[in-house]
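Trainee: This structure is in structure tokens; I'll ask about it shortly.
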Amino acid sequence: MSSDNIDGKMERIKALRAEIAMHDERYYRAADPLISDFEYDLLKAELKALEAACPDADLSNSPSQKVGDDRNAGFEKFKHRVPMQSLDNTYSEGEFLDFCKRIEKELPPSEMLFLVEPKIDGCSVSYIYENGKFVRALTRGNGIEGDDISRHIPNIAGVPETLKAIPGKPFPHFVEIRGEIYMTTAEFLRINARREADGLELFANPRNLTAGTIKSQDPNESRRRRLSTYVYGLGACEPAGTFTSLSELRAMLADWGFPLTAFCARVTGGEAAAGQIRLLDEARKNFDYPTDGAVIKLDKLAHQRIFGEKSHAPRWAIAYKFAPEQAETTLRAITLQIGRTGKITPVAELDPVEVAGTTVSRATLHNEDEIARKDLRVGDRVIIEKAGEIIPQVVRFVPEKRDPASTSFSFAQALKNAGIEAERPVRFIDPARPEKGTEQIAAWYLKEKDSPEIRSRRLLYFASKPCMNIPNLGESVSAQLVARGLVTVPADLYALTFDQLMTLEKFQQKSAQNLLDGIAASRSRGLACLLNAVGIPNVGAATARDIAKKFRTLDAVASATAEELQDVEGVGEVVALSIVEYFADPKNREHCERLKAAGVVTEEQGAEDAVPAAAQVFAGKTFVLTGTLPTLKRDEAKAIIEKWGGKVSGSVSKKTSVVLAGEDAGSKLEKARELGIEIIDEAAFLKSVPASDSVPAENAVPALQNPVPAPSDELPLF
């Protein structure tokens, strides 16, 4: 091997180590990865191959030989008595069978007993018990020591405070039980549905949200976000020899009261294990938790000791990971979406393509840095996948299909072409410690915080269906009202006159009267709609409804303390402080008083439209909506289902009762047929509820004007 070749490989090794270290920091500590697990694994695989080809490469500090470090400040640290290692992984059945052949060199085929279990995409944890009593829970940390997250454990389903006693089987004096904390798909969808209704940016996947939750200093975070756990392994155990195999441990864990995965196969030999991996890949589609692969381990602990461990992983186990479902399409345009706070979000406009069961035509690109990092250009063929099989994202462009004449996307030029004056503000790195300095945030915002554009956006939001539901007040009308000085804040709407409206372009007597009628009708929408409409940071439709039910009047909300607000389910410290700060601002108080003086109802409406339990025709049924319905929007169908006692899920499984299908239903319809699930169309659906059924606007799940989520870092609107 030439010295130039060696030098080139060593340079690449150095670059890969730095890149992987950066990704480790984002994944393990920040719970905010920049790339997918698959892309990360490719980087790791390249690094390992290069290090193997360069015998002189120093491996002592290489990320290929380390466990990622998830330790954070603010948590007490404890050492694991037995290190918590990671696992080597593969995406190839051939590489898995090579692993089995290495095992076969030391064990006769009849002794190659493997356990095949799901690889849960969550956060590793070690539960420590002394004489059957819970002591603490630790994250993996750096493998040697972890963070004490015991403050969250009372809120995690399935962790017993005291192990169940088994006659004749005394508890170990000390035992480390290894497992995974995760979030079910249903819970993740519930949280994102609330954020979507509130106009907030959606979480990317359950794993990141789980990690962020257990690394919060506030245990209320894990109470509001329902977390679960499974256990599967053993760390230190005293006395030694308590267990002889993982299958024996598994049986005891069940007796002690721990939750275990339903799928667990004990098989002999690599071919049988490979068969179970294929079965698991099919079965995981119906699991209620995120699964990104299979874990294959030697069952007998004595056999594990024969093979031992490397610095970061055991030699007796391997993870077989399932490659994410991807699709290729064309990036037709990158558009700029301006939110009501002035935040500018780039959006990928795509040729429609089906990915993991749904059709994707748009995907958020987050910010300018994201576009530059991935070097995305209009006209590129790009690869799309769903993060956690839920949120669509653009993974990369296809280099060999790029037009040589294409040019890099310029955010600044796109802003200039659109006539938008914007900036990337700075913020304190740590607001509690200003001396640490400031940093420039990734997002662009309109420079003028009270510009006509922002006023128009606020007015549109105020008049939108989830808020005050004022028909005929669209973008053109909103822009004219602001430009002519007729409306500065939404309260000005209620002082508009017929003659003023007749001065607007394309307005005739009928259109002017229709708008006045809509404005008049909006006065009676009620407190929930009003709380959503005034634009309190971090408060949208779902949160507004919950607050309105609790406090009943606008005055009560305005005078509530942060502690009182946090008594509302789903309202945490951040949301509570946003509400308190909003009503502490005299301008916001004045605006609310003007709305009240204009006759806008500031009390919660009654429950006349509630459906008695006996009349809930969909009680106990879970629906899945797929395709385009002839007349109903999805939010309208969902609201009807929930009004009459049913539930709506995002994916088809054995738990699904009915699939409501429209045109272009796709793979969800096929899966429903395979499982023998009832399939109905819109006509049959509407026949099953009273003909008079209508969903009040204030109770409906709000329809997003734009399917790309709105920003989460809200700024005061008035």
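The values are calculated or read from the model by the stated rules, or taken from the named source; none is laboratory data. Because the structure is a prediction, the values reported are computed rather than measured. Reconstructed Cβ throughout: ideal geometry from the backbone, glycine too, with neighbour counts over all protein chains shown.
Trainee: Need pairs with beta-carbon distance below 7 Å; first residue over 25 Å from T162 (Cβ atoms) and within the range 249-269, second surrounded by fewer than 16 Cβ atoms within 10 Å (Cβ to Cβ) and among the hydroxyl-bearing types (S, T, Y); sequence gap 6+ or separate chains.
Mentor: R266/S247; T268/S110
Trainee: Give the residues of the range 496-545 that are at pLDDT below 90, within 27 Å of K587 (Cβ to Cβ) and of a type in the set (D, E, K, R), sorted by residue number.
Mentor: Selection gives R545 alone.
Trainee: Which fully enclosed strands (runs of 3 or more DSSP E) of the range 128-201 have 3 or more residues being without any contact (Cβ under 8 Å) to a residue 40 or more places away in the chain and not β-branched (V, I, T)?
Mentor: On the way: elements: 133-139, 145-147, 174-182.
Hits in the range 128-201: 133-139.
Trainee: Condition (residue is in a loop (DSSP other than H, G, I, E, B) and assigned by TED's automatic domain parsing to the domain that holds C467) applied to the range 508-521: is it met by at least one residue? So that I can check it myself, show each step before the final result.
Mentor: Kept after step one, since they are in a loop (DSSP other than H, G, I, E, B), are these residues of the range 508-521: 508.
Those left that are additionally assigned by TED's automatic domain parsing to the domain that holds C467: 508.
Within the range 508-521 (the criterion being in a loop (DSSP other than H, G, I, E, B) and assigned by TED's automatic domain parsing to the domain that holds C467), the answer is yes, since at least one residue qualifies.
Trainee: State which residue is nearest to N472 (Cα to Cα) when the search covers only the range 522-539 and only residues that are touching a residue at least 40 places away in the same chain (Cβ under 8 Å) and not in a loop (DSSP other than H, G, I, E, B). Spell out how you get there, then give the answer.
Mentor: If we filter the range 522-539 for residues that are touching a residue at least 40 places away in the same chain (Cβ under 8 Å), which is where we start, we get 522-530, 532-539.
Still in the list and also not in a loop (DSSP other than H, G, I, E, B): 522, 527-530, 532-533.
On the way: S522: 12, L527: 22, A528: 22, C529: 18, L530: 19, N532: 20, A533: 17 Å.
Across the range 522-539, the extreme among qualifying residues is S522.
Trainee: Of everything in the range 219-245, what is crowded, with 18+ Cβ neighbours inside 10 Å, out of contact with any helix residue (DSSP H, G or I) (no Cβ under 7 Å at 6 or more places or on another chain) and closer than 19 Å to F203 by Cβ? Give them in sequence order.
Mentor: Matches in the range 219-245: S228 only.
Trainee: Just give me the residues in the range 62-107 being free of Cβ contacts under 8 Å to residues at least 12 places away in the same chain and among the polar types (S, T, N, Q), in sequence order.
Mentor: Selection gives S92 alone.
Trainee: Is it the case that Y127 is of a type in the set (S, T, Y), within 30 Å of R634 (Cα to Cα) and touching a strand residue (DSSP E or B) at 6+ places or on another chain (Cβ under 9 Å)?
Mentor: Values: of a type in the set (S, T, Y): yes; within 30 Å of R634 (Cα to Cα): no; touching a strand residue (DSSP E or B) at 6+ places or on another chain (Cβ under 9 Å): yes.
No, not satisfied.
Trainee: Would a scan of the range 240-256 turn up a residue that is modelled with pLDDT under 95 and in a strand (DSSP E or B)?
Mentor: no
Trainee: Additional query: If you check A412, A405, which single one turns out to be at pLDDT 90 or above, assigned to a loop (DSSP other than H, G, I, E, B), outside the structural domain of F188 (by TED's automatic domain parsing) and of a type in the set (A, V, I, L, M)?
Mentor: A405
Trainee: Now, a different point. Report the residue count in the range 561-580 for those that are touching a residue at least 24 places away in the same chain (Cβ under 8 Å) and exposed (fewer than 15 other Cβ atoms within 10 Å of the Cβ).
Mentor: Residues in the range 561-580 being touching a residue at least 24 places away in the same chain (Cβ under 8 Å) and exposed (fewer than 15 other Cβ atoms within 10 Å of the Cβ): 2 in total.
Trainee: Of everything in the range 566-585, what is touching a helix residue (DSSP H, G or I) at 6+ places or on another chain (Cβ under 8 Å) and either assigned to a loop (DSSP other than H, G, I, E, B) or aliphatic (A, V, I, L, M) (or both)? Give them in sequence order. Write out each step before concluding.
Mentor: If we filter the range 566-585 for residues that are touching a helix residue (DSSP H, G or I) at 6+ places or on another chain (Cβ under 8 Å), which is where we start, we get 566-573, 575-577, 579-580, 582-583.
Hits for the range 566-585 are Q566, D567, V568, E569, G570, V571, G572, V575, A576, L577, I579, V580.
Trainee: If you don't mind, there's one more thing I want to ask. Identify the single condition in (1) under 34 Å from the mean Cα position of the chain (by Cα); (2) surrounded by fewer than 17 Cβ atoms within 10 Å (Cβ to Cβ) that D98 does not satisfy, given that it satisfies every other one.
Mentor: Evaluating D98 over (1) under 34 Å from the mean Cα position of the chain (by Cα); (2) surrounded by fewer than 17 Cβ atoms within 10 Å (Cβ to Cβ) leaves (1) as the failure.
Trainee: Report whether or not D121 is acidic (D, E) and not assigned by TED's automatic domain parsing to the domain that holds A254.
Mentor: Numbers: acidic (D, E): yes; not assigned by TED's automatic domain parsing to the domain that holds A254: no.
Against the criterion (acidic (D, E) and not assigned by TED's automatic domain parsing to the domain that holds A254), D121 does not qualify.
Trainee: Can you tell me which of L34, L50 is outside the structural domain of D281 (by TED's automatic domain parsing), in contact with a Lys or Arg (Cβ under 6 Å, 6 or more places away or on another chain) and at pLDDT below 80?
Mentor: Going through L34, L50 in turn, the sole match is L34.
Trainee: I would also like to ask the following. Out of the residues in the range 101-127 that are assigned to a strand (DSSP E or B) and of a type in the set (V, I, T), which is surrounded by the fewest Cβ atoms within 10 Å (Cβ to Cβ)?
Mentor: Pass one, the range 101-127, residues assigned to a strand (DSSP E or B): 113-120, 123-127.
Those still in the list that are of a type in the set (V, I, T) too: 116, 120, 125.
Numbers: V116: 22, I120: 25, V125: 25.
My answer is V116.
Trainee: With respect to A319, determine if the residue is touching a Lys or Arg at 6+ places or on another chain (Cβ under 8 Å) and in a strand (DSSP E or B). Even if it seems obvious, please write down each step before you answer.
Mentor: On the way: touching a Lys or Arg at 6+ places or on another chain (Cβ under 8 Å): yes; in a strand (DSSP E or B): yes.
Here the answer is yes, as A319 does meet what is asked.
Trainee: Exactly one of (1) more than 23 Å from I391 (Cβ to Cβ); (2) surrounded by 20 or more Cβ atoms within 10 Å (Cβ to Cβ); (3) out of contact with any Phe, Trp or Tyr (no Cβ under 7 Å at 6 or more places or on another chain) is unmet by F618. Its number?
Mentor: So the condition that F618 fails would be (3).
Trainee: Out of the residues in the range 438-482 meeting the condition of being aliphatic (A, V, I, L, M) and either modelled with pLDDT under 85 or not assigned by TED's automatic domain parsing to the domain that holds L516 (or both), tell me which one is nearest to G518 (Cα to Cα).
Mentor: Filtering the range 438-482 for residues aliphatic (A, V, I, L, M) gives 441-443, 446, 454, 459-460, 463, 468, 470, 473, 477, 479, 481-482.
From what's left, either modelled with pLDDT under 85 or not assigned by TED's automatic domain parsing to the domain that holds L516 (or both): 441-443, 446, 454.
Working: I441: 40, A442: 39, A443: 36, L446: 30, I454: 22 Å.
Applying the filter and picking the extreme gives I454.
Trainee: Looking only at the range 407-415, decide whether some residue is loosely packed, with under 13 Cβ neighbours inside 10 Å and more than 31 Å from the chain's Cα centre (by Cα).
Mentor: Within the range 407-415, the subset loosely packed, with under 13 Cβ neighbours inside 10 Å is 407-408, 412-413.
Imposing the further condition that a residue be more than 31 Å from the chain's Cα centre (by Cα) reduces the set to 407, 413.
Yes.
Trainee: Right, another one. List the number of the failed condition for A562; all other conditions in (1) touching a Phe, Trp or Tyr at 6+ places or on another chain (Cβ under 8 Å); (2) within 26 Å of D218 (Cα to Cα) hold.
Mentor: (1)
Trainee: Does any residue in the range 666-689 that is in contact (Cβ under 8 Å) with a residue 12 or more places away in the chain come within less than 6 Å, Cβ to Cβ, of a residue that is among the acidic types (D, E) and not in a helix (DSSP H, G or I) six or more places away or on a different chain, and which pairs are these?
Mentor: G666/E354
Trainee: Which is at pLDDT below 90, in contact with a Ser or Thr (Cβ under 9 Å, 6 or more places away or on another chain) and of a type in the set (S, T, N, Q), of T268, T185? Break it down stepwise before answering.
Mentor: Details: T268 fails: at pLDDT below 90.
Only one candidate qualifies: T185.
Trainee: Please count how many residues of the range 282-309 are surrounded by fewer than 17 Cβ atoms within 10 Å (Cβ to Cβ), among the charged types (D, E, K, R) and modelled with pLDDT of 90 or more.
Mentor: Filtering the range 282-309 for residues surrounded by fewer than 17 Cβ atoms within 10 Å (Cβ to Cβ) gives 282-283, 285-286, 288, 302, 305-309.
Adding the requirement that they be among the charged types (D, E, K, R) leaves 282, 285, 288, 305, 309.
From what's left, modelled with pLDDT of 90 or more: 305, 309.
Qualifying residue count for the region: 2.
Trainee: Need the failing condition index for E354 against (1) out of contact with any Gly (no Cβ under 8 Å at 6 or more places or on another chain); (2) surrounded by fewer than 16 Cβ atoms within 10 Å (Cβ to Cβ), just the number.
Mentor: (1)
Trainee: Please determine, by comparing only the residues of the range 586-608 that are surrounded by fewer than 17 Cβ atoms within 10 Å (Cβ to Cβ) and touching a helix residue (DSSP H, G or I) at 6+ places or on another chain (Cβ under 8 Å), which one is modelled with the lowest pLDDT. Steps first, please.
Mentor: Taking the range 586-608 and keeping what is surrounded by fewer than 17 Cβ atoms within 10 Å (Cβ to Cβ), we get 586-587, 589-590, 593-594, 596-599, 603, 606-608.
Keeping just the survivors that are touching a helix residue (DSSP H, G or I) at 6+ places or on another chain (Cβ under 8 Å) gives 589, 594, 596, 598-599, 603.
Details: R589: 94, R594: 95, K596: 94, A598: 94, G599: 94, E603: 90.
The qualifying residue modelled with the lowest pLDDT is E603.
Trainee: Keeping to the range 34-67, report how many residues are in contact with a Leu (Cβ under 8 Å, 6 or more places away or on another chain), assigned to a helix (DSSP H, G or I) and not acidic (D, E).
Mentor: So the answer is 6.
Trainee: How about the range 47-75: which of its residues are surrounded by 12 or more Cβ atoms within 10 Å (Cβ to Cβ) and within 23 Å of H152 (Cα to Cα)?
Mentor: G68, D69, D70, R71, N72, F75
Trainee: Collect the residues in the range 482-511 that are surrounded by fewer than 12 Cβ atoms within 10 Å (Cβ to Cβ) and under 18 Å from E453 (Cα atoms), keeping them in residue-number order.
Mentor: The answer is R484, G485.
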